[in-house]
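Novice: I have a structure I would like to understand better, so I am pasting it below and will then ask my questions one at a time.
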Amino acid sequence: MAGMRMTVIGTGYLGATHAACMAELGHEVLGIDVDQTKIDALKAGKVPFFEPGLPEVLERNLANGRLCFTTDYKEAAEFANVHFIGVGTPQQRGSYAADTTYVEAAVDSLVPHLQGDHVIFGKSTVPVGTAQALQERANKLISASASLEIAWNPEFLREGYAVNDTITPDRIVLGVRSTNSTNSTETRAEEIAREVYATPLADGTPFIVTDLQTAELVKVSANAFLATKISFINAVSEVCEIVGADVTQLADAIGHDERIGRKFLGAGLGFGGGCLPKDIRAFMARAGELGADQALTFLREVDAINMRRRERVVDLSREILGSLIGRRITVLGAAFKPNSDDVRDSPALAVAGQLNLAGASVRVYDPEAMDNARRVFPTLDYADSLDDALADAELVILATEWDEFRQLDPEHAGQLVESKTLIDARNVLPVPAWHSAGWELHALGRSL
Ligand code: NAD
(Lines give C-alpha, C1' and ligand atoms only; values in the text may rest on other atoms or scores of the structure.)
Protein backbone atom coordinates (compact mmCIF):
# COMPACT_ATOMS: atom_id res chain seq x y z
CA MET A 1 0.00 0.00 0.00
CA ALA A 2 1.30 3.49 -0.85
CA GLY A 3 2.22 5.60 2.15
CA MET A 4 0.01 8.44 3.28
CA ARG A 5 0.97 12.02 4.00
CA MET A 6 0.59 13.30 7.52
CA THR A 7 1.88 15.86 9.99
CA VAL A 8 2.79 15.37 13.62
CA ILE A 9 2.39 18.52 15.72
CA GLY A 10 4.66 18.66 18.78
CA THR A 11 7.93 16.77 18.45
CA GLY A 12 8.78 15.92 22.05
CA TYR A 13 9.09 12.39 23.45
CA LEU A 14 5.76 11.36 21.96
CA GLY A 15 5.68 13.40 18.77
CA ALA A 16 9.25 12.87 17.54
CA THR A 17 8.82 9.14 18.08
CA HIS A 18 5.45 9.07 16.37
CA ALA A 19 6.72 11.09 13.40
CA ALA A 20 9.79 8.92 12.87
CA CYS A 21 7.89 5.67 13.34
CA MET A 22 5.08 6.67 10.96
CA ALA A 23 7.79 7.33 8.34
CA GLU A 24 9.29 3.95 9.19
CA LEU A 25 5.88 2.41 8.42
CA GLY A 26 6.10 3.95 4.93
CA HIS A 27 4.26 7.25 5.36
CA GLU A 28 5.46 10.72 4.39
CA VAL A 29 5.63 12.75 7.56
CA LEU A 30 6.18 16.38 8.46
CA GLY A 31 6.91 17.10 12.12
CA ILE A 32 6.06 20.54 13.50
CA ASP A 33 7.15 22.19 16.72
CA VAL A 34 7.33 25.74 18.05
CA ASP A 35 10.79 25.01 19.46
CA GLN A 36 13.23 25.97 16.70
CA THR A 37 16.19 24.34 18.50
CA LYS A 38 14.37 21.03 18.66
CA ILE A 39 13.39 21.20 15.00
CA ASP A 40 16.97 22.07 13.98
CA ALA A 41 18.29 19.10 15.95
CA LEU A 42 15.75 16.70 14.43
CA LYS A 43 16.47 17.99 10.92
CA ALA A 44 20.15 17.31 11.57
CA GLY A 45 19.32 13.73 12.60
CA LYS A 46 19.79 14.32 16.32
CA VAL A 47 17.13 13.11 18.74
CA PRO A 48 17.01 15.79 21.46
CA PHE A 49 16.37 13.15 24.17
CA PHE A 50 17.49 9.62 24.94
CA GLU A 51 15.33 6.91 23.40
CA PRO A 52 16.95 3.61 22.40
CA GLY A 53 16.56 2.85 18.68
CA LEU A 54 15.03 6.20 17.77
CA PRO A 55 18.20 7.84 16.34
CA GLU A 56 18.50 5.05 13.77
CA VAL A 57 14.84 5.35 12.73
CA LEU A 58 15.17 9.13 12.50
CA GLU A 59 18.33 9.03 10.40
CA ARG A 60 17.01 6.33 8.08
CA ASN A 61 13.83 8.23 7.31
CA LEU A 62 15.49 11.63 6.94
CA ALA A 63 17.82 9.98 4.44
CA ASN A 64 15.04 8.32 2.43
CA GLY A 65 13.15 11.62 2.32
CA ARG A 66 9.98 10.39 4.04
CA LEU A 67 10.55 12.55 7.13
CA CYS A 68 10.91 16.34 7.35
CA PHE A 69 10.52 18.94 10.09
CA THR A 70 9.37 22.54 10.21
CA THR A 71 8.11 25.26 12.51
CA ASP A 72 5.74 26.57 9.84
CA TYR A 73 2.04 25.77 10.39
CA LYS A 74 1.08 26.98 6.93
CA GLU A 75 3.44 24.45 5.44
CA ALA A 76 1.84 21.80 7.68
CA ALA A 77 -1.66 22.71 6.54
CA GLU A 78 -0.59 22.39 2.91
CA PHE A 79 1.50 19.24 3.39
CA ALA A 80 -1.25 16.82 4.41
CA ASN A 81 -4.92 16.31 5.25
CA VAL A 82 -4.12 14.11 8.24
CA HIS A 83 -2.60 15.65 11.38
CA PHE A 84 -1.57 14.18 14.72
CA ILE A 85 -1.31 16.39 17.80
CA GLY A 86 1.26 15.32 20.40
CA VAL A 87 1.99 18.55 22.24
CA GLY A 88 2.39 18.62 26.01
CA THR A 89 -0.43 18.70 28.55
CA PRO A 90 1.48 19.39 31.78
CA GLN A 91 -0.01 20.01 35.21
CA GLN A 92 -1.27 23.58 35.54
CA ARG A 93 0.64 25.75 37.96
CA GLY A 94 -1.24 26.01 41.24
CA SER A 95 -3.77 23.35 40.33
CA TYR A 96 -4.08 19.60 39.76
CA ALA A 97 -5.76 20.12 36.39
CA ALA A 98 -4.06 19.54 33.05
CA ASP A 99 -2.98 22.58 31.09
CA THR A 100 -4.63 22.19 27.69
CA THR A 101 -3.45 25.53 26.32
CA TYR A 102 -0.78 23.89 24.12
CA VAL A 103 -3.33 21.62 22.47
CA GLU A 104 -5.62 24.61 21.93
CA ALA A 105 -2.71 26.62 20.51
CA ALA A 106 -1.91 23.82 18.06
CA VAL A 107 -5.52 23.86 16.81
CA ASP A 108 -5.57 27.66 16.65
CA SER A 109 -2.34 27.72 14.64
CA LEU A 110 -3.27 24.99 12.17
CA VAL A 111 -6.98 25.29 11.49
CA PRO A 112 -7.17 28.76 9.89
CA HIS A 113 -4.73 27.56 7.20
CA LEU A 114 -6.70 24.45 6.23
CA GLN A 115 -8.24 24.01 2.79
CA GLY A 116 -10.21 20.91 1.80
CA ASP A 117 -11.12 18.01 4.09
CA HIS A 118 -8.88 17.30 7.09
CA VAL A 119 -8.76 15.00 10.08
CA ILE A 120 -6.88 15.71 13.31
CA PHE A 121 -5.99 12.78 15.56
CA GLY A 122 -5.24 13.95 19.08
CA LYS A 123 -2.59 11.83 20.77
CA SER A 124 -1.83 14.00 23.79
CA THR A 125 -3.32 12.84 27.09
CA VAL A 126 -6.22 15.17 27.79
CA PRO A 127 -9.09 15.59 30.26
CA VAL A 128 -12.33 14.00 29.11
CA GLY A 129 -14.31 16.47 27.03
CA THR A 130 -11.27 18.13 25.45
CA ALA A 131 -11.74 16.65 21.96
CA GLN A 132 -15.34 17.86 21.81
CA ALA A 133 -14.29 21.32 23.00
CA LEU A 134 -11.49 21.43 20.42
CA GLN A 135 -13.92 20.49 17.66
CA GLU A 136 -16.17 23.40 18.65
CA ARG A 137 -13.16 25.70 18.81
CA ALA A 138 -11.98 24.57 15.37
CA ASN A 139 -15.45 24.96 13.86
CA LYS A 140 -15.23 28.69 14.63
CA LEU A 141 -11.79 29.03 13.03
CA ILE A 142 -12.11 26.98 9.89
CA SER A 143 -12.68 28.58 6.52
CA ALA A 144 -15.94 27.95 4.67
CA SER A 145 -14.15 25.90 2.01
CA ALA A 146 -12.66 23.42 4.47
CA SER A 147 -13.92 20.67 6.77
CA LEU A 148 -12.33 19.15 9.83
CA GLU A 149 -13.03 16.13 12.00
CA ILE A 150 -11.23 15.80 15.31
CA ALA A 151 -10.74 12.26 16.58
CA TRP A 152 -8.78 11.03 19.61
CA ASN A 153 -6.13 8.35 19.35
CA PRO A 154 -4.45 8.15 22.78
CA GLU A 155 -0.84 7.06 22.98
CA PHE A 156 0.38 4.28 25.25
CA LEU A 157 4.08 4.23 24.42
CA ARG A 158 6.57 3.74 27.24
CA GLU A 159 9.74 5.81 27.23
CA GLY A 160 12.64 3.41 26.78
CA TYR A 161 10.51 1.19 24.51
CA ALA A 162 8.90 3.95 22.49
CA VAL A 163 9.92 2.80 19.00
CA ASN A 164 8.69 -0.71 19.51
CA ASP A 165 5.53 0.45 21.25
CA THR A 166 4.73 2.78 18.34
CA ILE A 167 5.45 0.34 15.52
CA THR A 168 3.89 -2.67 17.24
CA PRO A 169 1.44 -1.27 19.79
CA ASP A 170 -0.46 -3.66 22.04
CA ARG A 171 -3.71 -1.94 21.11
CA ILE A 172 -4.93 1.03 19.08
CA VAL A 173 -7.75 3.08 20.54
CA LEU A 174 -9.69 5.55 18.44
CA GLY A 175 -12.39 7.88 19.67
CA VAL A 176 -14.63 9.31 16.96
CA ARG A 177 -17.58 11.65 16.90
CA SER A 178 -20.93 10.17 17.81
CA THR A 179 -22.12 7.95 14.96
CA ASN A 180 -25.78 8.98 15.24
CA SER A 181 -24.91 12.37 13.78
CA THR A 182 -25.96 12.88 10.18
CA ASN A 183 -22.65 14.51 9.31
CA SER A 184 -21.22 12.81 6.22
CA THR A 185 -17.64 12.98 7.52
CA GLU A 186 -18.45 10.82 10.51
CA THR A 187 -16.53 7.73 9.44
CA ARG A 188 -13.56 9.41 7.79
CA ALA A 189 -11.39 9.31 10.89
CA GLU A 190 -11.86 5.58 11.32
CA GLU A 191 -11.17 4.89 7.66
CA ILE A 192 -8.05 7.02 7.73
CA ALA A 193 -6.83 5.49 10.96
CA ARG A 194 -7.17 2.02 9.40
CA GLU A 195 -4.92 3.19 6.58
CA VAL A 196 -2.41 4.91 8.88
CA TYR A 197 -2.13 1.82 11.05
CA ALA A 198 -2.52 -0.73 8.25
CA THR A 199 0.71 -2.53 9.18
CA PRO A 200 0.02 -3.12 12.89
CA LEU A 201 -3.65 -3.85 12.13
CA ALA A 202 -2.62 -6.50 9.57
CA ASP A 203 -0.56 -8.09 12.36
CA GLY A 204 -3.71 -8.46 14.43
CA THR A 205 -3.29 -5.50 16.82
CA PRO A 206 -6.60 -5.01 18.66
CA PHE A 207 -8.38 -1.90 17.36
CA ILE A 208 -10.97 -0.36 19.63
CA VAL A 209 -13.16 2.26 17.99
CA THR A 210 -15.29 4.16 20.43
CA ASP A 211 -16.65 7.61 21.18
CA LEU A 212 -14.40 10.56 21.99
CA GLN A 213 -15.01 10.59 25.70
CA THR A 214 -14.32 6.87 26.15
CA ALA A 215 -11.05 7.17 24.21
CA GLU A 216 -9.95 10.09 26.39
CA LEU A 217 -10.88 8.17 29.53
CA VAL A 218 -9.11 4.98 28.40
CA LYS A 219 -5.75 6.70 28.59
CA VAL A 220 -6.13 8.32 32.00
CA SER A 221 -7.77 5.17 33.41
CA ALA A 222 -4.85 3.02 32.23
CA ASN A 223 -2.37 5.35 33.93
CA ALA A 224 -4.51 5.61 37.06
CA PHE A 225 -4.61 1.82 37.27
CA LEU A 226 -0.84 1.47 36.86
CA ALA A 227 -0.19 4.16 39.47
CA THR A 228 -2.63 2.46 41.84
CA LYS A 229 -0.91 -0.88 41.43
CA ILE A 230 2.49 0.61 42.26
CA SER A 231 1.12 2.50 45.25
CA PHE A 232 -0.73 -0.59 46.42
CA ILE A 233 2.49 -2.54 46.83
CA ASN A 234 4.21 0.49 48.31
CA ALA A 235 1.44 0.82 50.91
CA VAL A 236 1.91 -2.86 51.78
CA SER A 237 5.63 -2.12 51.88
CA GLU A 238 5.06 0.42 54.67
CA VAL A 239 3.38 -2.30 56.77
CA CYS A 240 6.15 -4.77 55.92
CA GLU A 241 8.70 -2.29 57.25
CA ILE A 242 6.95 -2.14 60.62
CA VAL A 243 6.56 -5.89 61.12
CA GLY A 244 9.81 -7.01 59.46
CA ALA A 245 8.12 -8.76 56.53
CA ASP A 246 9.63 -8.94 53.04
CA VAL A 247 7.63 -7.04 50.42
CA THR A 248 9.47 -8.53 47.44
CA GLN A 249 8.67 -12.10 48.48
CA LEU A 250 5.13 -10.97 49.18
CA ALA A 251 4.88 -9.45 45.68
CA ASP A 252 6.25 -12.65 44.12
CA ALA A 253 3.70 -14.67 46.05
CA ILE A 254 0.66 -12.59 45.17
CA GLY A 255 1.96 -12.04 41.63
CA HIS A 256 1.63 -15.75 40.86
CA ASP A 257 -2.12 -15.25 40.93
CA GLU A 258 -2.80 -14.42 37.30
CA ARG A 259 -5.66 -12.13 38.31
CA ILE A 260 -3.03 -9.99 40.05
CA GLY A 261 0.17 -10.51 38.03
CA ARG A 262 3.70 -9.56 39.11
CA LYS A 263 4.20 -6.58 36.77
CA PHE A 264 4.06 -3.14 38.40
CA LEU A 265 4.36 -4.74 41.84
CA GLY A 266 7.97 -3.64 42.27
CA ALA A 267 8.03 -2.00 45.70
CA GLY A 268 10.46 0.87 46.02
CA LEU A 269 10.82 4.55 45.39
CA GLY A 270 7.61 4.74 43.38
CA PHE A 271 6.58 6.34 40.12
CA GLY A 272 7.43 9.67 38.53
CA GLY A 273 7.94 11.04 35.05
CA GLY A 274 6.00 13.29 32.73
CA CYS A 275 2.84 11.16 32.71
CA LEU A 276 1.67 9.14 35.74
CA PRO A 277 1.82 11.85 38.45
CA LYS A 278 0.23 14.60 36.38
CA ASP A 279 -2.27 12.24 34.76
CA ILE A 280 -3.73 10.99 38.04
CA ARG A 281 -3.95 14.54 39.33
CA ALA A 282 -5.62 15.76 36.15
CA PHE A 283 -8.05 12.83 36.32
CA MET A 284 -9.01 13.80 39.89
CA ALA A 285 -9.38 17.45 38.93
CA ARG A 286 -11.59 16.61 35.95
CA ALA A 287 -13.75 14.26 38.00
CA GLY A 288 -14.22 17.11 40.48
CA GLU A 289 -15.31 19.49 37.72
CA LEU A 290 -17.79 16.87 36.52
CA GLY A 291 -19.26 16.42 40.01
CA ALA A 292 -17.77 12.92 40.43
CA ASP A 293 -14.97 13.92 42.79
CA GLN A 294 -15.74 11.12 45.27
CA ALA A 295 -15.15 8.54 42.56
CA LEU A 296 -11.47 9.31 42.41
CA THR A 297 -10.55 10.47 45.91
CA PHE A 298 -8.59 7.22 46.26
CA LEU A 299 -6.13 8.60 43.71
CA ARG A 300 -5.18 11.27 46.22
CA GLU A 301 -4.08 8.44 48.49
CA VAL A 302 -2.25 6.76 45.59
CA ASP A 303 -0.36 10.02 45.07
CA ALA A 304 0.35 10.44 48.80
CA ILE A 305 1.67 6.88 49.19
CA ASN A 306 3.93 7.50 46.23
CA MET A 307 5.34 10.74 47.62
CA ARG A 308 5.85 9.17 51.08
CA ARG A 309 8.34 6.71 49.58
CA ARG A 310 10.63 9.58 48.68
CA GLU A 311 10.43 10.91 52.23
CA ARG A 312 11.10 7.41 53.55
CA VAL A 313 14.41 7.21 51.68
CA VAL A 314 15.46 10.58 53.11
CA ASP A 315 14.41 9.47 56.64
CA LEU A 316 16.20 6.15 56.22
CA SER A 317 19.37 7.99 55.17
CA ARG A 318 19.13 10.09 58.31
CA GLU A 319 18.58 6.98 60.46
CA ILE A 320 21.63 5.31 58.92
CA LEU A 321 23.97 8.32 59.09
CA GLY A 322 22.71 9.97 62.27
CA SER A 323 22.88 13.48 60.87
CA LEU A 324 22.79 14.44 57.19
CA ILE A 325 24.75 17.67 57.57
CA GLY A 326 27.89 17.52 55.49
CA ARG A 327 27.63 13.78 54.86
CA ARG A 328 28.72 12.50 51.46
CA ILE A 329 25.82 10.71 49.79
CA THR A 330 25.89 9.31 46.27
CA VAL A 331 22.61 8.99 44.45
CA LEU A 332 22.72 6.55 41.55
CA GLY A 333 20.11 7.66 39.04
CA ALA A 334 18.50 10.94 38.02
CA ALA A 335 16.07 9.81 35.33
CA PHE A 336 12.60 8.87 36.55
CA LYS A 337 13.16 5.37 35.22
CA PRO A 338 15.90 3.47 33.39
CA ASN A 339 16.37 3.75 29.61
CA SER A 340 15.19 7.35 29.63
CA ASP A 341 16.78 10.74 30.22
CA ASP A 342 13.46 12.19 31.37
CA VAL A 343 13.79 13.83 34.79
CA ARG A 344 10.27 15.23 35.01
CA ASP A 345 9.03 14.53 38.55
CA SER A 346 11.89 12.07 39.01
CA PRO A 347 11.83 10.26 42.37
CA ALA A 348 15.64 9.92 42.22
CA LEU A 349 16.19 13.64 41.75
CA ALA A 350 13.56 14.48 44.37
CA VAL A 351 15.47 12.39 46.91
CA ALA A 352 18.81 13.90 45.85
CA GLY A 353 17.35 17.39 46.11
CA GLN A 354 15.79 16.78 49.55
CA LEU A 355 19.03 15.31 50.92
CA ASN A 356 20.88 18.32 49.58
CA LEU A 357 18.43 20.71 51.22
CA ALA A 358 18.85 18.79 54.47
CA GLY A 359 22.56 19.60 54.41
CA ALA A 360 24.08 16.51 52.83
CA SER A 361 26.76 16.75 50.18
CA VAL A 362 25.04 14.93 47.33
CA ARG A 363 26.73 13.57 44.25
CA VAL A 364 24.58 12.25 41.42
CA TYR A 365 25.34 10.00 38.51
CA ASP A 366 23.05 8.85 35.72
CA PRO A 367 24.08 7.21 32.43
CA GLU A 368 21.88 9.50 30.31
CA ALA A 369 20.05 12.15 32.30
CA MET A 370 22.91 14.32 33.56
CA ASP A 371 22.22 17.35 31.35
CA ASN A 372 18.51 17.38 32.11
CA ALA A 373 19.20 16.88 35.81
CA ARG A 374 21.69 19.76 35.90
CA ARG A 375 19.05 22.06 34.45
CA VAL A 376 16.51 21.13 37.16
CA PHE A 377 18.91 20.91 40.13
CA PRO A 378 22.02 22.93 39.29
CA THR A 379 23.20 22.91 42.91
CA LEU A 380 23.87 19.15 43.09
CA ASP A 381 27.31 17.74 42.40
CA TYR A 382 27.31 15.68 39.20
CA ALA A 383 29.92 12.95 38.76
CA ASP A 384 31.57 12.17 35.43
CA SER A 385 31.40 8.42 35.83
CA LEU A 386 30.01 5.74 38.08
CA ASP A 387 33.40 5.24 39.72
CA ASP A 388 33.77 8.96 40.26
CA ALA A 389 30.30 9.03 41.82
CA LEU A 390 31.15 6.27 44.27
CA ALA A 391 34.50 7.68 45.38
CA ASP A 392 34.54 8.36 49.15
CA ALA A 393 30.75 8.01 49.55
CA GLU A 394 29.51 7.46 53.07
CA LEU A 395 26.17 6.23 51.77
CA VAL A 396 25.08 5.08 48.30
CA ILE A 397 21.44 5.20 47.23
CA LEU A 398 20.34 3.22 44.18
CA ALA A 399 17.42 5.36 43.03
CA THR A 400 16.91 4.45 39.34
CA GLU A 401 17.29 0.83 38.29
CA TRP A 402 19.62 1.22 35.28
CA ASP A 403 21.30 -2.05 34.23
CA GLU A 404 24.64 -0.38 34.85
CA PHE A 405 23.73 -0.10 38.53
CA ARG A 406 22.09 -3.53 38.81
CA GLN A 407 25.25 -5.10 37.43
CA LEU A 408 27.63 -3.07 39.56
CA ASP A 409 30.38 -5.27 41.00
CA PRO A 410 30.07 -4.98 44.80
CA GLU A 411 33.76 -5.84 45.34
CA HIS A 412 34.88 -3.07 42.99
CA ALA A 413 32.36 -0.58 44.38
CA GLY A 414 33.48 -1.47 47.91
CA GLN A 415 37.02 -0.35 47.13
CA LEU A 416 35.83 3.10 46.03
CA VAL A 417 33.48 4.15 48.80
CA GLU A 418 34.38 5.25 52.30
CA SER A 419 31.60 3.23 53.89
CA LYS A 420 30.05 0.13 52.33
CA THR A 421 26.50 1.22 53.09
CA LEU A 422 23.78 1.23 50.44
CA ILE A 423 20.03 1.78 50.19
CA ASP A 424 18.60 -0.29 47.35
CA ALA A 425 15.57 1.94 46.83
CA ARG A 426 14.44 -0.14 43.85
CA ASN A 427 14.87 -3.62 45.35
CA VAL A 428 16.91 -4.85 42.40
CA LEU A 429 20.37 -5.79 43.66
CA PRO A 430 21.47 -9.41 44.17
CA VAL A 431 21.61 -9.27 47.97
CA PRO A 432 23.86 -12.31 48.68
CA ALA A 433 26.65 -11.01 46.40
CA TRP A 434 26.57 -7.59 48.08
CA HIS A 435 26.51 -9.12 51.54
CA SER A 436 29.47 -11.35 50.78
CA ALA A 437 31.39 -8.28 49.57
CA GLY A 438 30.84 -6.83 53.04
CA TRP A 439 28.11 -4.28 52.31
CA GLU A 440 25.46 -3.16 54.76
CA LEU A 441 22.26 -3.06 52.70
CA HIS A 442 19.01 -1.26 53.40
CA ALA A 443 15.85 -1.39 51.31
CA LEU A 444 12.23 -0.31 51.28
CA GLY A 445 9.73 -2.88 52.52
CA ARG A 446 12.22 -5.46 53.74
CA SER A 447 15.13 -5.75 56.09
CA LEU A 448 18.33 -7.09 54.59
P1 NAD B 1 7.22 16.91 25.56
O2 NAD B 1 7.24 18.06 26.49
O3 NAD B 1 8.44 16.06 25.41
O4 NAD B 1 6.81 17.42 24.10
C5 NAD B 1 5.83 18.35 23.83
C6 NAD B 1 6.29 19.13 22.60
O7 NAD B 1 5.21 19.97 22.15
C8 NAD B 1 7.47 20.05 22.85
O9 NAD B 1 8.50 19.78 21.92
C10 NAD B 1 6.91 21.46 22.65
O11 NAD B 1 7.83 22.39 22.14
C12 NAD B 1 5.79 21.17 21.67
N13 NAD B 1 4.76 22.21 21.59
C14 NAD B 1 4.18 22.91 22.58
N15 NAD B 1 3.27 23.76 22.10
C16 NAD B 1 3.26 23.58 20.74
C17 NAD B 1 2.51 24.14 19.70
N18 NAD B 1 1.57 25.06 19.93
N19 NAD B 1 2.77 23.72 18.45
C20 NAD B 1 3.71 22.78 18.20
N21 NAD B 1 4.43 22.20 19.16
C22 NAD B 1 4.21 22.60 20.42
O23 NAD B 1 5.98 16.03 26.03
P24 NAD B 1 5.71 14.47 25.73
O25 NAD B 1 6.28 13.64 26.80
O26 NAD B 1 6.05 14.18 24.32
O27 NAD B 1 4.13 14.42 25.93
C28 NAD B 1 3.25 14.95 24.99
C29 NAD B 1 1.86 14.43 25.29
O30 NAD B 1 1.85 13.02 25.12
C31 NAD B 1 1.37 14.69 26.71
O32 NAD B 1 -0.01 14.89 26.68
C33 NAD B 1 1.69 13.38 27.40
O34 NAD B 1 0.87 13.18 28.54
C35 NAD B 1 1.39 12.39 26.31
N36 NAD B 1 2.07 11.12 26.42
C37 NAD B 1 3.42 11.08 26.65
C38 NAD B 1 4.05 9.84 26.75
C39 NAD B 1 5.52 9.76 27.10
O40 NAD B 1 5.97 8.65 27.42
N41 NAD B 1 6.28 10.84 27.07
C42 NAD B 1 3.32 8.66 26.58
C43 NAD B 1 1.97 8.74 26.29
C44 NAD B 1 1.35 9.97 26.21
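Novice: Hey, could you pull the Cα Rg and Dmax for region 299-448, both in Å?
Specialist: Rg, Dmax (Cα atoms, Å): 14.1, 44.
Novice: Any idea of the accessible area per residue across region 47-183, 1.4 Å probe, to the nearest Å²?
Specialist: 42 Å²
Novice: Pull up all non-local amide H partners of Val8: gap of 5 or more, or a different chain, and H-to-H distance under 5 Å with H placed in the peptide plane.
Specialist: So Val8 has HN proximity to Leu30, Gly31, Ile32, Phe84.
Novice: Amide H to amide H under 5 Å from Ala146: which residues, 5+ apart in sequence or cross-chain, H placed 1.01 Å off N in plane?
Specialist: Gly116
Novice: Using only helices, what value at 222 nm comes out for the chain when you add -39,500 (n - 2.57) per DSSP H run of length 4 or more and divide by the total residues, to the nearest 500 deg cm²/dmol?
Specialist: On the way: 19 runs with 199 residues, N = 448.
For the chain, the value works out to -13000 deg cm²/dmol.
Novice: Let me ask something additional. By DSSP, what percent of the beta bridges with both residues in the chain are antiparallel, rounded to the nearest 5?
Specialist: Numbers: 2 of 48 bridges.
Here the share of antiparallel DSSP bridges comes out near 5 percent.
Novice: Please report the projected area of region 251-388's Cα convex hull averaged over all directions, in nm². Please report the intermediate quantities before stating the final value.
Specialist: On the way: hull surface 42.8 nm².
Projected over every direction and averaged, the Cα hull of region 251-388 covers 10.7 nm².
Novice: Just want to confirm a number: the relative contact order over the chain, from Cα pairs under 8 angstrom separated by 6+ residues, in percent. Working shown, then result.
Specialist: Details: 911 pairs, mean separation 52.5, N = 448.
Dividing the mean separation by the residue count of the chain yields 12 percent.
Novice: Wrap a convex hull around the Cα atoms of the chain, take a quarter of its surface area, and give that in square nanometres. Walk me through the intermediate numbers first.
Specialist: Values: hull surface 91.5 nm².
Projected area, direction-averaged: 22.9 nm².
Novice: Can you tell which of Ile325, Ile397, Ile305 shows the greatest fluctuation in a Gaussian network model of the chain with Cα springs below 10 Å?
Specialist: Maximum fluctuation in the GNM of the chain, among the listed residues, is at Ile325.
Novice: Same structure again: So which of Lys229/Lys420; Lys74/Lys123; Lys43/Lys123; Lys123/Lys263; Lys123/Lys229 end up more than 28 Å apart, counting from Cα to Cα?
Specialist: Details: Lys229/Lys420 33 Å; Lys74/Lys123 21 Å; Lys43/Lys123 22 Å; Lys123/Lys263 25 Å; Lys123/Lys229 24 Å.
In this structure, Lys229/Lys420 exceed 28 Å between Cα atoms.
Novice: For region 329-341, in order, what is each residue's ³J(HN,Hα) by Karplus, 6.51 cos²θ - 1.76 cosθ + 1.60 with θ = phi - 60°, in whole Hz (x at glycine and Pro)?
Specialist: Values per residue, Gly and Pro as x: 10, 9, 9, 8, x, 9, 5, 6, 7, x, 6, 8, 10 Hz.
Novice: Which residue fluctuates most in the GNM of the chain (Cα springs below 10 Å): Thr125, Thr89, Thr168?
Specialist: Among Thr125, Thr89, Thr168, the largest mean-square fluctuation in the Gaussian network model of the chain belongs to Thr168.
Novice: Express the accessible area of region 314-448 per residue in Å², computed with a 1.4 Å probe while the remaining protein chains stay in the model. Don't skip to the end; give the middle numbers.
Specialist: On the way: 5300 Å² over 135 residues.
Counting only protein heavy atoms, the per-residue value for region 314-448 is 39 Å².
Novice: Restricting the calculation to Cα positions, tell me the Rg (one decimal) and the Dmax (whole number) of region 1-68 in Å.
Specialist: Over region 1-68's Cα set, Rg and Dmax evaluate to 10.6, 35 Å.
Novice: Taking amide H atoms as placed 1.01 Å from N in the peptide plane, list the residues 5 or more away in sequence, or in a different chain, whose amide H sits under 5 Å from that of Gly122.
Specialist: Under 5 Å from the amide H of Gly122 lie the amide H atoms of Ile85, Ala151, Trp152, Asn153, each far enough along the sequence or on another chain.
Novice: From zero outward in steps of 10 Å, how is the percent of C-alpha pairs of region 24-173 spread across the bins?
Specialist: Result, from short to long distances: 10, 36, 39, 15, 1 percent.
Novice: Could you work out the longest stretch of the chain that avoids the trypsin sites (Lys or Arg not before Pro) located in DSSP loops with at most 11 other Cβ atoms within 10 Å? Numbers along the way, then the final one.
Specialist: On the way: sites that count: Arg93, Arg259, Lys263.
It works out to 264-448.
Novice: With a 1.4 Å probe and every protein chain left in place, tell me how much accessible area Tyr13 has, in Å² to the nearest 10.
Specialist: Estimated to the nearest 10 Å², Tyr13 gives 40 Å².
The values are calculated or read from the model by the stated rules, or taken from the named source; none is laboratory data. Owing to the predicted nature of the structure, the values given are computational and were not obtained by experimental measurement. We place every Cβ from the backbone using ideal geometry, glycine too, and count neighbours over all the protein chains shown. Surface accessibility is based on the protein's heavy atoms, side chains included, excluding ligands, DNA and RNA. Shrake-Rupley method; radii C 1.70, N 1.55, O 1.52, S 1.80 Å.
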